[in-house]
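Student: Would you mind keeping the following structure in view while I ask a few things?
The values are calculated or read from the model by the stated rules, or taken from the named source; none is laboratory data. On a predicted model such as this, the values are computed, not experimentally measured, just so you know. We place every Cβ from the backbone using ideal geometry, glycine too, and count neighbours over all the protein chains shown. SASA here: full protein model, heavy atoms, side chains in, ligands and nucleic acids out. Shrake-Rupley method; radii C 1.70, N 1.55, O 1.52, S 1.80 Å.
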Amino acid sequence: MHKKIKLFDPQIGPDEEKILTKVLYSRFWASGSGIGHVKKFEDKFCRYVGAKSCVAVNSGTAALHLALSLCDIKDSEVIVPSLSFATTASSILYNGGKVRFAEVDPATMCIDVKSIKRNITAKTKAILPVHFGGMPANLDEIKGLCKKNKLYLIEDAAHAAGATYKGKKIGSHGNFVCFSFHPVKNLAMPGGGAITINQRDADSQRLLQAKRWCGITDRKGYSYDVQTLGWNYYMNEFSAAMGIVQLQKLERMNKRRRHIAKRYSKEIDLSKKMPYDKDCSYHLYWIQVRDREKLVKALGRKNIETGVHYNPVHKFGLFRSKVSLPITEDAGRTILSVPIHPSLDDDDVSKIVQCINEAACDYS
């Protein structure tokens, strides 16, 4: 029986076990006030990405929800790619905004700048690019459009922990940058997320800290105030402690992902595949094939897991739109994610390449 090659596989070791055991027996597992390991993680991650401040939360979805809650988008439009996880767009609806879907660049699957320009209206309040698979979106041009049109830039960096853009870490560019630390992400936790803040105001961090913990502020002993609507979105101590250890290994783990991506880009015999870019964190590696189901079954017979990222959001009932996005819709029919994570050894990578190439003439 051949071993199963997983699509995702968090890399853990004795350091994670040690710190989680320490938290367990401390009996201090969570605090909405964000002290202990949560504060330590926030400080370390903030320094790592080079942001002005950072607020840890319990998921990437919570990060997007809270970041947009500071932008007053009610009845306004936010431009977003449809090729993403549904909560990228849901976070706009949570805040009373209207979703305006833009096309993606077929080379990177990141939001296409020309499509953004076509979608900016008098009602536009923000642009929300997704760093798809860890590939940085074109931030220079997007920031230029935001400045010209007085828009917020909120980045969905769920895939992009450790990615860079022109020498600076993703997390240091937009007004708010939203990360996910789901167990399958490059920086893995039992559950977690973060918002890094780069705009120059004193209130954003304080407001986000209040909103992540039911609106609570000014706590002194058992006395506190609630002046704003908030949610139960704070990060727990287990996640933060594990995140501290994972952050120490992130550069090494991403280096391995890039090594695998370079091999895929050179060795997979398909014309449509994710390009190699040293700035990408490669949370995903995608290929495109015409008969996806047959290839999924062929790889499955070789014990190679695959996935689809993503079904276009504008086709879901909640968001259904008549907008024409031919590149996104084609990707929705043909895109396939193949394993790329630090637990893969060179033999695993060779097997994946060989199996895809053997099937490519039949399914491409």
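Student: Find which of Thr217, Gly60, Ser26 sits farthest along the positive direction of the dipole of the chain, computed with +1 on the beta-carbon of Lys and Arg, -1 on that of Asp and Glu, about the Cα centre.
Tutor: Result: Thr217, furthest along the dipole toward the positive end.
Student: Quick one: plug the Kirkwood hydrodynamic radius of region 245-312 (C-alpha pairs) into Stokes-Einstein at 20 °C, 1.002 mPa s, and report D in µm²/s. Write down the numbers at each step before the final one.
Tutor: On the way: Rh = 13.7 Å.
It comes out at roughly 157 µm²/s.
Student: Next question, about the same structure. Give me the percent of accessible area attributable to carbon and sulfur for region 72-220, probe 1.4 angstrom.
Tutor: 50 percent
Student: Okay, next question. Could you check how much of the accessible area of region 222-349 is carbon and sulfur, as a whole percent, using a 1.4 Å probe?
Tutor: Answer for region 222-349: carbon and sulfur cover 49 percent of the accessible area.
Student: Excluding ligands, DNA and RNA, what is the solvent-accessible area per residue of region 118-169 at a probe of 1.4 Å, expressed in Å²?
Tutor: Ligands and nucleic acids excluded, the figure is 41 Å² per residue.
Student: Counting C-alpha atoms alone, how compact is region 224-364: give Rg to one decimal and Dmax as a whole number, in angstrom.
Tutor: Both quantities, over Cα of region 224-364: 19.3, 66 Å.
Student: Report, please, the projected area of region 169-306 averaged over directions, based on the convex hull of its C-alpha atoms, in nm².
Tutor: Quarter of the Cα hull surface area: 12.3 nm².
Student: Also: Give the relative contact order (percent, whole number) for region 97-238; include only Cα pairs under 8 Å separated by 6+ residues.
Tutor: Contact order relative to length: 13 percent.
Student: Right, something else. Exceeding 30 Å between C-alpha atoms, which entries from my cross-link table qualify? They are Lys6/Lys98; Lys273/Lys315; Lys169/Lys266; Lys40/Lys166; Lys148/Lys169; Lys169/Lys302.
Tutor: Over 30 Å apart, Cα to Cα: Lys6/Lys98; Lys169/Lys302.
Student: Show Glu16, Glu267 ordered by accessible area, largest first, where the area counts protein heavy atoms only and the probe is 1.4 Å.
Tutor: Glu267, Glu16
Student: Relative contact order for region 152-193: what percent, with Cα pairs under 8 Å and sequence separation of 6 or more?
Tutor: 38 percent
Student: Under the classification rounded if a/c is under 1.5, otherwise prolate if a/b is larger than b/c and oblate if not, where does region 61-213 fall, given a ≥ b ≥ c as square roots of the Cα gyration tensor eigenvalues?
Tutor: Rounded, because the longest to shortest axis ratio a/c is under 1.5.
Student: Okay, moving on. Heavy-atom accessible area per residue, region 219-336, 1.4 Å probe: how many Å²?
Tutor: Computed with neighbouring chains in place, this is 52 Å² per residue.
Student: Let me ask something additional. Going highest first, how would you order 171-182, 307-318 by mean Cβ packing within 10 Å?
Tutor: In decreasing order of mean packing, 171-182, 307-318 become 171-182, 307-318.
Student: Additional query: For the chain, what is the mean residue ellipticity at 222 nm derived from helices alone (per DSSP H run of n ≥ 4: -39500 (n - 2.57); sum divided by total residues; nearest 500 deg cm²/dmol)?
Tutor: -12000 deg cm²/dmol
Student: I want to verify a result. In a Gaussian network model of the chain, Cα cutoff 10 Å, which of these has the top mean-square fluctuation: Thr21, Thr88, Thr306?
Tutor: Thr21
Student: Given charges of +1 on the Cβ of Lys and Arg and -1 on the Cβ of Asp and Glu, with all other atoms neutral, how large is the dipole of region 52-182 about its Cα centre, in debye to the nearest 20? Please list the in-between numbers first.
Tutor: Working: 16 positive and 10 negative charges, 91 e Å.
Using Cβ point charges on Lys, Arg, Asp and Glu, region 52-182 gives about 440 debye.
Student: Could you tell me whether region 1-110 comes out rounded, prolate or oblate from its Cα gyration tensor? Rule is a ≥ b ≥ c as square roots of the eigenvalues, rounded for a/c under 1.5, then prolate if a/b exceeds b/c, otherwise oblate. Write out the running numbers ahead of the final one.
Tutor: Numbers: a/c = 2.41, a/b = 1.35, b/c = 1.78.
Note, shape of region 1-110 comes out oblate.
Student: Can I ask one more? For region 12-52, with all protein chains present and a 1.4 Å probe, just round the carbon and sulfur fraction of the accessible area to a whole percent.
Tutor: Within region 12-52, the accessible surface is 59 percent carbon and sulfur.
Student: Also: Sequence gap at least 6, Cα distance under 8 Å: using those rules, report the relative contact order of the chain to the nearest whole percent.
Tutor: Working: 769 pairs, mean separation 82.7, N = 364.
In percent, rounded to a whole number, it is 23.
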